[in-house]
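Enquirer: Have a look at this one before I ask anything.
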Amino acid sequence: MSAAEAGGVFRRARGRTLDAFPSEKEREWKGPFYFIQGADPQFGLMKAWSTGNCDSGGDEWGQEIRLTEQAVQAVNKLKPRPRFFVLCGDLIHAMPGTPWRKEQTADLQRVLARVDSDIPLVLVSGNHDLGNAPTPETVAEFQRTWGDDYFSFWVGGVLCLVLNSQFWYDASRCPALKQAQDQWLDQQLSIAGQRECQHAIVFQHIPLFLQNIDEDDDYFNLTKSVRREVADKLVRAGVTAVFSGHYHRNAGGTYQNLDMVVSSAIGCQLGQDTHGLRVVVVTAEKIVHRYYSLDELSEKGIEDDLMGLMKEK
């Protein structure tokens, strides 16, 4: 199944925006709302991790199919509906040009096609989707399959920026593409900086940092020089929060007024967290979020205090 054949759920980003949210209707704040953030369904990693062969061992992904199906079912049951469901990268495990990539993609598209058509799906690119050092060819493949690798959209008066964090990790094979995103981002942040939005938030795969802006460089964060430059740019523009995945554990911290939120995986866990999703409530004054296991969200839904925030004016 191609993304186009998968139906309305794949209203893919084109022209650096998402037409599921017409900007002329969504620029005005109309009151609190919520969305669901997930990360790293990464079909194939659980088998690869269990065998210690992460490079070429992901030849089974039945567990990830079941977990992602559970996530979709949990999201579809929620009342009221979330405004959107965002997946922060590593949609599948097989790197570009490796075995099982086509099969993993087809299976994930089949599962995601079951997301309720009233809940737009927002897809973020990760390192396994593009390669650790992306190329123009791997970026083009992602765009054909899932949509633009970076884009913006307005929802309920909030400016949402979806970024390709691989360009900050290693753009050595596609410097012109990185430069294009940097220029585009500056334009978007100038809009945010004019404070015409209630909030501005960012979605990307690799966290700026896991706990502290000054922590050591790691596979799971951006390098110190890059993270500081990006974080300062976001803070100056008034960005409220950055939501990411990649770590396969929950983490996060604050830098000045910026909330760095790192969500664990729908799929393979590398720590003690459960397979889960994050519920994010956006009010006029703040953004409140809580991570739920898939079982919790499936059985109990969203807790009353979070739902109470939705009733505030």
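Enquirer: Scan the stretch 57-71 residue by residue and report those that are more than 30 Å from VAL282 (Cβ to Cβ) and assigned to a helix (DSSP H, G or I).
Expert: Start the filter on the stretch 57-71 by keeping residues that are more than 30 Å from VAL282 (Cβ to Cβ), which leaves 57-63, 65-66.
Matches in the stretch 57-71: GLY62, GLN63, ILE65, ARG66.
Enquirer: Pick from the stretch 97-135 the residues that are touching a Gly at 6+ places or on another chain (Cβ under 8 Å) and of a type in the set (Ser, Thr, Tyr): which of them is surrounded by the fewest Cβ atoms within 10 Å (Cβ to Cβ)?
Expert: SER117
Enquirer: Based on this model, can you work out whether LEU258 counts as open to solvent by less than 10 Å² (accessible area, probe 1.4 Å) and over 30 Å from GLU229 (Cα atoms)?
Expert: On the way: open to solvent by less than 10 Å² (accessible area, probe 1.4 Å): yes; over 30 Å from GLU229 (Cα atoms): no.
For LEU258, the condition - open to solvent by less than 10 Å² (accessible area, probe 1.4 Å) and over 30 Å from GLU229 (Cα atoms) - is not met.
Enquirer: Only residues that are part of a loop (DSSP other than H, G, I, E, B) and open to solvent by 10 Å² or more (accessible area, probe 1.4 Å): list them for the stretch 22-56, please.
Expert: The initial filter retains those residues of the stretch 22-56 that are part of a loop (DSSP other than H, G, I, E, B), namely 22, 27-32, 39-42, 44, 52-56.
The answer is PRO22, ARG27, GLU28, TRP29, LYS30, GLY31, PRO32, GLY52, ASN53, CYS54, ASP55, SER56.
Enquirer: Here's something else I'd like to know. Would you check which residues across the stretch 272-308 are assigned to a helix (DSSP H, G or I) and either surrounded by fewer than 15 Cβ atoms within 10 Å (Cβ to Cβ) or of a type in the set (Ser, Thr, Tyr) (or both) and list them? Write out each step before concluding.
Expert: Of the residues in the stretch 272-308, the ones assigned to a helix (DSSP H, G or I) are 294-300, 304-308.
Answer for the stretch 272-308, where residues must be assigned to a helix (DSSP H, G or I) and either surrounded by fewer than 15 Cβ atoms within 10 Å (Cβ to Cβ) or of a type in the set (Ser, Thr, Tyr) (or both): ASP295, SER298, GLU299, LYS300, ASP304, ASP305, GLY308.
Enquirer: Further question on the same structure: Which of the residues spanning the stretch 145-160 are of a type outside the set (S, T, N, Q) and in contact (Cβ under 8 Å) with a residue 60 or more places away in the chain? Show your work before the answer.
Expert: So in the stretch 145-160, the residues of a type outside the set (S, T, N, Q) come out as 146-151, 153-160.
Across the stretch 145-160, the qualifying residues are TRP146, GLY147, ASP148, TYR150, PHE151, PHE153, TRP154, VAL155, GLY156, GLY157, VAL158.
Enquirer: Working carefully through the options PHE167, PHE153, PHE142, find the one that is closer than 22 Å to CYS197 by Cβ, among the hydrophobic types (A, V, I, L, M, F, W, C) and either modelled with pLDDT of 95 or more or touching a Lys or Arg at 6+ places or on another chain (Cβ under 8 Å) (or both). Steps first, please.
Expert: Values: PHE167 fails: closer than 22 Å to CYS197 by Cβ; PHE142 fails: closer than 22 Å to CYS197 by Cβ.
Matching residue, one of PHE167, PHE153, PHE142: PHE153.
Enquirer: Within the stretch 111-168, how many residues are of a type in the set (Val, Ile, Thr) and either in contact with a helix residue (DSSP H, G or I) (Cβ under 7 Å, 6 or more places away or on another chain) or assigned to a loop (DSSP other than H, G, I, E, B) (or both)? Don't jump to the end; show me each part of the working.
Expert: The initial filter retains those residues of the stretch 111-168 that are of a type in the set (Val, Ile, Thr), namely 111, 115, 119, 122, 124, 135, 138-139, 145, 155, 158, 162.
Those still in the list that are either in contact with a helix residue (DSSP H, G or I) (Cβ under 7 Å, 6 or more places away or on another chain) or assigned to a loop (DSSP other than H, G, I, E, B) (or both) too: 111, 115, 119, 135, 138-139, 145, 155.
The number of residues fulfilling the criteria is 8.
Enquirer: In the list ALA94, ALA74, ALA171, which residue meets the criterion of being touching a residue at least 24 places away in the same chain (Cβ under 8 Å), buried (at least 21 other Cβ atoms within 10 Å of the Cβ) and assigned to a loop (DSSP other than H, G, I, E, B)?
Expert: Values: ALA74 fails: assigned to a loop (DSSP other than H, G, I, E, B); ALA171 fails: buried (at least 21 other Cβ atoms within 10 Å of the Cβ).
Unique residue meeting the criteria: ALA94.
Enquirer: Moving on to the next point. Quick one: which of GLN269, GLN211 is closer than 30 Å to PRO80 by Cα and in a loop (DSSP other than H, G, I, E, B)? It would help to see each step written out before you state the result.
Expert: Details: GLN211 fails: closer than 30 Å to PRO80 by Cα.
One residue alone meets the criteria, GLN269.
The values are calculated or read from the model by the stated rules, or taken from the named source; none is laboratory data. The structure presented is a predicted model; accordingly, all values stated were derived computationally and were not measured. In this analysis, Cβ positions are derived from the backbone assuming ideal geometry, glycine residues included, and neighbour counts consider all displayed protein chains. The protein model used for the area step is the full one, side chains on, heavy atoms only, and it has no ligands, DNA or RNA in it. Shrake-Rupley method; radii C 1.70, N 1.55, O 1.52, S 1.80 Å.
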